[in-house]
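Presented below is the structure to which this report refers.
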Amino acid sequence: MSGRPKIFGHLLTEVIRKGKCVGCGTCAAVCPARAYILTQFLSDGGDGAVVATLDEGGVWAPRPTVASNKEEILESAGTKYTPSPTMLGVDSAVTEYQMEKIAVVGTPCQMRGLSKATTKPFVERKMSEAVDIKVGLFCMETFNYDSLMEFLKQEGVDASKVDKFEIKSGKFIAKEGGKAVYEAKLSKVKNLVRPCCHECGDFASEYADLSVGNVGTPDGWSTVIVRTKRGEEALKAAEKAGLVEVKPVEEGKAGMDLVYRLAKAKKKQLKKEE
């Protein structure tokens, strides 16, 4: 294996031009040219959490945010379905806010980018020392922002009035005030998926300390997969503080079996693309 270092030219030819860029922000975050599980984390001495929130200047446009209190964390709740360069938020937390203990929430590709930036042989020291816990989200794919906005416009949906998007029972759903105002089969929105998502075989954020999603559990609950000792400590602390209620996920078709099937399907999709 060559010992020559990777440069921007490699990034351009091997990732960007091939449509493999996921927009996680890792490259920009570590580049030397740039000088309710979570609320308990802050209570236990954490400095902040890097999360995705919505840009006030746009309609459903995600952006990374450094949250330092409970209110800011709760404002970030909810799935966005379009990408946010989370790793730039990590860089901001470390270099601008000078935080020394942070939590990071992100999609599988972002967790993978964070893992690469904080473990050998490519370690960004300050970032590695600051990241205390990684919370990964279940994710099959995300949509191109501009394509999604144009699609909704053509379908007569005012995205500025939508307060929640969700994918459930094979349908893409837009809601206003808790009521569905638009539904479409997933096959109708497949062409909005970013090509880079086909380069990912990770559905359940395997690089995280805790993986979280609403697959396999009833409404109002989330499936949580504990992957590391640090993840277990964080979950137990939140339970002890009364912030979350914890019980085993049921096995069977609607339980962990569904998580396993989706994880397997995404890995199979990657192999098919290869």
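We did not get these values from a lab; they are worked out from the coordinates using the rules stated. Nothing here was measured: the structure is a model prediction, and the numbers come from that model. Glycine also receives a Cβ, built like all others from the backbone with ideal geometry; neighbour counts cover every protein chain displayed.
Between beta-carbons, use under 13 Å as the cut-off and find the net charge around residue 209, counting Lys and Arg +1, Asp and Glu -1.
+1
Tabulate in residue order the Karplus-calculated ³J(HN,Hα) for region 257-268, using 6.51 cos²θ - 1.76 cosθ + 1.60 with θ = phi - 60°, rounded to whole Hz; enter x for Gly and Pro.
4, 5, 4, 4, 5, 5, 5, 5, 5, 6, 5, 5
Taking the simple approach of a point 7 Å from Cα along Cα-to-Cβ for both residue 233 and residue 77, what is their distance in nm?
Placing both labels 7 Å along Cα→Cβ, they lie 2.7 nm apart.
Exceeding 18 Å between C-alpha atoms, which entries from my cross-link table qualify? They are 171/272; 20/153; 18/134; 164/266; 168/190; 171/267.
Long pairs (Cα-Cα over 18 Å): 171/272; 20/153; 18/134; 164/266; 171/267.
Using a basic spin-label model with each label point 7 Å from the Cα along Cα→Cβ, how many nm lie between residue 270 and residue 184?
Simple spin-label model gives 2.8 nm for this pair.
Relative contact order, percent, of region 74-176 when contacts are C-alpha pairs under 8 Å separated by at least 6 residues?
28 percent
What is the fewest-to-most order of 188, 266, 271 by other Cβ atoms lying within 10 Å of their Cβ?
Lowest count first: 271, 188, 266.
Using the Karplus equation 6.51 cos²θ - 1.76 cosθ + 1.60 (θ = phi - 60°), what ³J(HN,Hα) coupling, rounded to whole Hz, does each residue of region 233-242 give in order, writing x for Gly and Pro?
Couplings: 4, 5, 5, 5, 5, 5, 5, 4, 7, x Hz.
Just order 100-110, 223-233 by mean Cβ neighbour count inside 10 Å, highest at the front, would you?
Averaged packing, sorted descending, gives the order 100-110, 223-233.
Please list, in chain and number order, the residues 5+ apart from residue 131 or on another chain whose amide H is under 5 Å from its amide H, with Hs placed from the backbone.
Under 5 Å from the amide H of residue 131 lie the amide H atoms of 102, each far enough along the sequence or on another chain.
Averaging sequence separations of C-alpha pairs under 8 Å and six or more residues apart, then dividing by the length of region 145-192, give the relative contact order as a whole percent.
26 percent
For residue 53, list long-range residues whose amide hydrogen, built 1.01 Å from N in the peptide plane, is under 5 Å from its own amide hydrogen.
63, 65
Give the relative contact order (percent, whole number) for region 126-274; include only Cα pairs under 8 Å separated by 6+ residues.
Rounded, it is 25 percent for region 126-274.
What list of ³J(HN,Hα) couplings, whole Hz, do you get for region 168-175 from phi and the Karplus terms 6.51, -1.76, 1.60, once you set θ to phi - 60° and write x for glycine and proline?
8, 6, x, 10, 9, 10, 10, 10
For region 71-114 and region 123-187, what is the separation of their Cα centres, given in Å?
A separation of 16 Å, based on Cα centres.
Where the Cα atoms of region 145-192 are projected onto their three principal axes, how long is each span, largest first, in whole Å?
Result, largest extent first: 28, 24, 15 Å.
Rounded to the nearest 5, what % of the DSSP beta bridges within the chain are antiparallel ones?
That works out to approximately 65 percent antiparallel.
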